[in-house]
Amino acid sequence: MEIARRIGRLCAQSSLSRGAIARQTGLDSSSLSRLEAGEAVPTWEILDRLACTLNVPVSRFFVEEGEAPVTPLLTPRVKLEDLETLQPAAPDSGRAPKLRTFANEIKAVLTLAGRKLR
């Protein structure tokens, strides 16, 4: 239902008429209304077409502008530069050497691709 509400709000905020939005996305008006009412589930392709028509990123159907998405199972991203400065982990963990090896492999791939790192 959250996506349906966001589709409806983004369509209402658009300068385009409902008919124009439906035409540009390849939907008929009744299908667009069903999406906005939560009576139909949009495919990724429809969300992509709506995003292009409404000139918004697809992520706006899932989170509000400026709102961080909820990703409880994901670990924080580590920048390549941060991998270079890793301090050794506890002697028995073995994690730091694996990360250093991974960082070196990434550097090698990027160097082969023509991008030099410090």
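The values are calculated or read from the model by the stated rules, or taken from the named source; none is laboratory data. In this text the structure is predicted, and so the values were computed from the model without any measurement. Cβ sites come from the backbone with ideal geometry, for glycine too, and all protein chains shown count toward neighbours.
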Looking at region 23-37, I want the residues that are in the same structural domain as C52 (by TED's automatic domain parsing) and on the phi < 0 side of the Ramachandran plot and have a partner that is in a helix (DSSP H, G or I) and surrounded by fewer than 16 Cβ atoms within 10 Å (Cβ to Cβ) with Cβ atoms under 7 Å, at least 6 apart or on another chain. Which pairs are those? S29/R18; S29/G19; L32/R18
Sole miss for L27 among (1) assigned to a helix (DSSP H, G or I); (2) at pLDDT 90 or above; (3) not basic (K, R) is condition (1)
Among (1) assigned to a loop (DSSP other than H, G, I, E, B); (2) modelled with pLDDT of 90 or more, E67 falls short only on (2)
